[in-house]
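Structure record follows, encoded as structure tokens.
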Amino acid sequence: MSANGAAHPEVVAYGVELGKQTELLQALLGKERTDVLEVAVADSLHREMVLERFPVAGAKRVIANRTTTGNDNLLVPTTGVEVVGANSARLGGSIVNSGANNVILYLARGGLAAPGAGAIWLVANGGSWDFRLGNLLWCGSVSAVAQVAASSLTVAEV
């Protein structure tokens with residue numbers, strides 16, 4: 001500042017230029033944050049990769065190398081069984097009741113049915129659940145208890 005309290009013209013010019021740069025940086029950051037990102041998984045030979053401008057400009061697809069786990073005929077007795085353990089790296093999956101009796105899935109630590117634990121009803125012959133609770137993905141343990149008589153589940157997890 002000058003002796004009379006007014007800003008030096010050079011300082012004002014620097015401030016204006018910094019303001020322009022800040023606006024430019026904010027615009028660039030905003031552009032970067034608007035890219036649509038799709039995550040896909042595959043057990044293909046290549047490792048993780050990013051496809052830029054997929055399927056259109058402004059969108060990206062990330063392909064993560066993952067293998068699946070699961071079971072095509074998990075026997076579910078009326079005493080219960082653990083379907084999958086907790087998995088903080090879970091990206092998705094599906095559990096389908098492929099048996100002739102209804103099954104209740106329990107979302108509980110340790111994979112055991114517990115009073116007060118979250119429960120999901122799977123109707124016989126095709127009832128399914130995709131590990132989602134609203135917009136959230138369940139990464140904890142899941143156990144199953146067949147109702148009336150034994151049943152079976154088909155399970156896929158990524």
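The values are calculated or read from the model by the stated rules, or taken from the named source; none is laboratory data. Keep in mind that this is a model prediction, so the values were computed, not measured. A quick note on method: Cβ atoms are made from the backbone with ideal geometry, for glycine too, and the neighbour counts reach across all protein chains shown.
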Discussion item. Quick check on the range 122-158: of everything there that is in a strand (DSSP E or B) and among the polar types (S, T, N, Q), which residue is modelled with the lowest pLDDT?
Written reply: S143
Worksheet item: What number of residues within the range 109-121 are in contact with a Gly (Cβ under 8 Å, 6 or more places away or on another chain), surrounded by 15 or more Cβ atoms within 10 Å (Cβ to Cβ) and at pLDDT 85 or above?
Response: 0
Worksheet item: Listed residues D72, D43; which is within 30 Å of S152 (Cβ to Cβ), at pLDDT 75 or above, under 25 Å from the mean Cα position of the chain (by Cα) and surrounded by 10 or more Cβ atoms within 10 Å (Cβ to Cβ)?
Response: D72
